[in-house]
Amino acid sequence: MTFSRPDVLVIGAGVIGLSVAVRLQSRGLRTQVVAPSEGLSASDVAAGMIAPVMEAATDPMSASLEAALTGAAGLWPGFADQFGLGLQRRGCLWLSSCETGLRSGVETVTPVQARELAPWLAHDLDLHIAYAPAEACVTPAQALAALRCALQAAGGELTAGRAGWRDGAFWRDDVRLSAACVVLATGYGGVSFAEAAPELGLMAPIRGQIVRALDAGIGDNGPCVRGPGAYVAPQRGGGAMIGATMEPGETEAVTDVASLSRLMAAATAFAPGLKDRPHVGLAAIRAATPDGAPMVGPASSFPGLFLATGMRRNGWLLAPLVADMICAYLAGEDPGVHAGTMAPKRFIRTCG
Ligand SMILES: Cc1cc2nc3c(=O)[nH]c(=O)nc-3n(C[C@H](O)[C@H](O)[C@H](O)COP(=O)(O)OP(=O)(O)OC[C@H]3O[C@@H](n4cnc5c(N)ncnc54)[C@H](O)[C@@H]3O)c2cc1C
């Protein structure tokens, strides 16, 4: 592909910024990523579930967003293979106290069948159980490290620092950042760039607290399990992520004992072996747009600025799709059928 101005600056090194950058770099475009080297992003603390069926079943969303999640999941095997992201394709079990109704991609299983898939589940499960065999999971810490390695191996640059916008330009401290195109992939940090792209000011925070058990005793190659009040996502290396809270309006990435205890109590009700395993609480802020769909594409403000943010609770799932869409926009190609659902300018049009 031919780029008339071949430099791209990506601001943000969560799963979205890194996925965009590695895709651009692998298509021959010199890419620089700028992000602070310290602190935990939403991508760091996420469970890493690639689970469009369960997401659509448990979190109400538009049909167009559901289609985008399904499309993104379909890109994951190739994306994971290309960059060594360690996709675990063991499905997702859904334990529910009431009949959930079967959706496409979901089958009912008995408690015995569920325990064959996840032997660590409680013996006395008195719950309805469904199984979505095509759902998958990655281990975020390892997948982020693999993306950083792939980017640098392909010649991309990672620069530590916090970027800002002033006097009509992007800056890192007193260094003016210049590139033919800029991609803002700053998660909820994007609100500080609302002067550069006013639609970013519409984003709302949703804090997520989650528990990381380093040695969970559940193996590292089984299905994810969603139960009443908590989910358990096995991680490579023997750990597990037990999550997660959804706390709209909260901007501080802090944990509280009561929330973490509630998550652990809910998880140990169906996974008793997790009790007394050493664990630590983590928190981060998800970025949400007014309609729940991401902002991916050209900003409303000026040419050459692209947004890739507002992923809410599905940034890992959406990453390969977002990366492909940004590549297409930059190359002047068709960004595909989900472009309208995610266009940042949709908010400016409705306001104006
Ligand atoms: C508890 C929890 C569990 C989750 N579980 C899942 C899951 O199982 N599956 C799933 O798909 N999603 C999950 N999510 C959602 C997912 O983590 C997010 O949607 C995704 O990480 C968003 O990625 P991002 O790259 O857009 O933003 P972030 O991960 O927030 O990264 C933003 C990046 O921008 C940088 N940045 C911010 N401001 C600046 C600045 N001024 N200058 C330079 N850099 C800046 C940050 O340092 C960071 O590197 C979960 C989220 C949470 C909180």
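The values are calculated or read from the model by the stated rules, or taken from the named source; none is laboratory data. As the structure is a computational prediction, the values presented were derived from the model and not from experiment. Glycine gets a Cβ as well: all are built from the backbone with ideal geometry, and neighbour counts include every protein chain shown. When the accessible area is computed, the model is the full protein with side chains, heavy atoms only, and any ligands, DNA or RNA have been set aside. Shrake-Rupley method; radii C 1.70, N 1.55, O 1.52, S 1.80 Å.
Residues in segment 174-200 that are open to solvent by 50 Å² or more (accessible area, probe 1.4 Å) and away from the ligand (no atom under 11 Å from the Cβ): ASP174, VAL175, ARG176, SER178, GLU195, PRO198. The residue list GLY17, GLY12, GLY86, GLY105 contains one member that is within 15 Å of the chain's Cα centre (by Cα) and on the phi > 0 side of the Ramachandran plot, which is GLY12. Just one of the numbered conditions (1) more than 7 Å from the ligand (Cβ to nearest atom); (2) of a type in the set (Gly, Ala, Ser); (3) surrounded by fewer than 24 Cβ atoms within 10 Å (Cβ to Cβ) is not true of ALA21: (3). If the condition is being in a loop (DSSP other than H, G, I, E, B) and under 18 Å from PRO298 (Cβ atoms), then segment 166-198 contributes GLY168, ALA179, ALA180, ALA185, THR186, ALA194, GLU195, ALA196, ALA197.
Considering only segment 24-36, state which residues are in contact with a strand residue (DSSP E or B) (Cβ under 9 Å, 6 or more places away or on another chain), open to solvent by 10 Å² or more (accessible area, probe 1.4 Å) and either more than 9 Å from the ligand (Cβ to nearest atom) or free of Cβ contacts under 8 Å to residues at least 40 places away in the same chain (or both). Across segment 24-36, the qualifying residues are GLN25, ARG30, GLN32. Taking segment 214-252 as the range and being exposed (fewer than 15 other Cβ atoms within 10 Å of the Cβ) and either among the β-branched types (Val, Ile, Thr) or part of a helix (DSSP H, G or I) (or both) as the test, only THR251 passes.
Determine whether ILE210 is of a type in the set (A, V, I, L, M, F, W, C), in the same structural domain as ALA244 (by TED's automatic domain parsing) and near the ligand (Cβ under 8 Å from one of its atoms). Yes: the conditions hold for ILE210. Out of (1) over 18 Å from GLY315 (Cα atoms); (2) of a type in the set (Val, Ile, Thr); (3) open to solvent by less than 10 Å² (accessible area, probe 1.4 Å), what's the single condition that is false for VAL15? For VAL15, the exception is condition (1).
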